[in-house]
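Structure first, then comments.
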Amino acid sequence: MAPDEKDRLWVGSMPEAYNRWLAPAVFHPFAVDLARRAARLIPRRVLEIAAGTGVLTRELITAIPSAAVTATDLNAAMVEFGSRRAPEAAWQQADALRLPFGDRQFDLVACQFGVMFFPDKPAAFREVQRVLTPGGRLLFSTWSTVDTHDFAAALVAGVERAFPDDPPTFVAEVPHGYSDVGQAAADLAAGGLEPVSTEPVTLYGRSGSAADVAAGFCTGTPLRMAIEDRGALAAATVAVAEEMRTRLGDGPVAAKMTAYVIEARPRAWKAV
């Protein structure tokens, strides 16, 4: 299922909430891992798509200090926030389906947990193939199923508690909606790319409390709009946090999280 337009939007205070509560607990561990993999490829020109608040961007700059890093995101609010967090990169707003760059510009395209939000994934992969050098690489991560992510599973249970008659399905259908690696391989092929490797990666995330994770998901992701369509955001966030606390425990919490890291390369570059 392709995500709706509203499932791709981060506006207002959402980047700040995302970066405060979700980035350290959920995304930073995988950013360190992905940047380490990127450094092994020794790229000179790196393009990051769906860069968000710059969690991976900062790790790429640290891991590959000699590379020129360009970071892009669809959302202007994310670009503005990320450019302050990782000013060493060149930031600009860009839709991954229509990249504003010439052919063969980058040795590496990186994307951490962004591919799931693209409404037309083969089209996005075609754009990646176009801007990659013939020997270039795409590195991206995508979540496995909700049941392999303890934070997400607790969150889904909390959302179902808050809205038993009509729970928002954003988390399962969008962030965790691209867990079929066979489908990813087919989409890559349709975009002119071929997988080099596909590896499941399980890491632990840690947060000061379950309430912090609930606040991050409920106020810092497009789940926020789905909640606001159904009722009061603050009350729903409290209800979600209570269920998450019941499942994850009081005080500091840790969660096991599984994703797939996929490396791909152009099959054969052709001018369009």
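The values are calculated or read from the model by the stated rules, or taken from the named source; none is laboratory data. Just so you know, these numbers come straight off a predicted model, no measurement behind them. Counting neighbours? That spans all protein chains shown, and the Cβs are built from the backbone with ideal geometry, glycine included. Just the protein is used for accessible areas: all its heavy atoms, side chains included, with ligands, DNA and RNA removed. Shrake-Rupley method; radii C 1.70, N 1.55, O 1.52, S 1.80 Å.
Check the range 134-142 and report whether any residue there is of a type in the set (D, E, K, R) and surrounded by fewer than 21 Cβ atoms within 10 Å (Cβ to Cβ). Within the range 134-142, not a single residue is of a type in the set (D, E, K, R) and surrounded by fewer than 21 Cβ atoms within 10 Å (Cβ to Cβ). Just one of the numbered conditions (1) assigned to a helix (DSSP H, G or I); (2) in contact with a Gly (Cβ under 8 Å, 6 or more places away or on another chain); (3) open to solvent by less than 10 Å² (accessible area, probe 1.4 Å); (4) not aromatic (Phe, Trp, Tyr) is not true of residue 29: (3).
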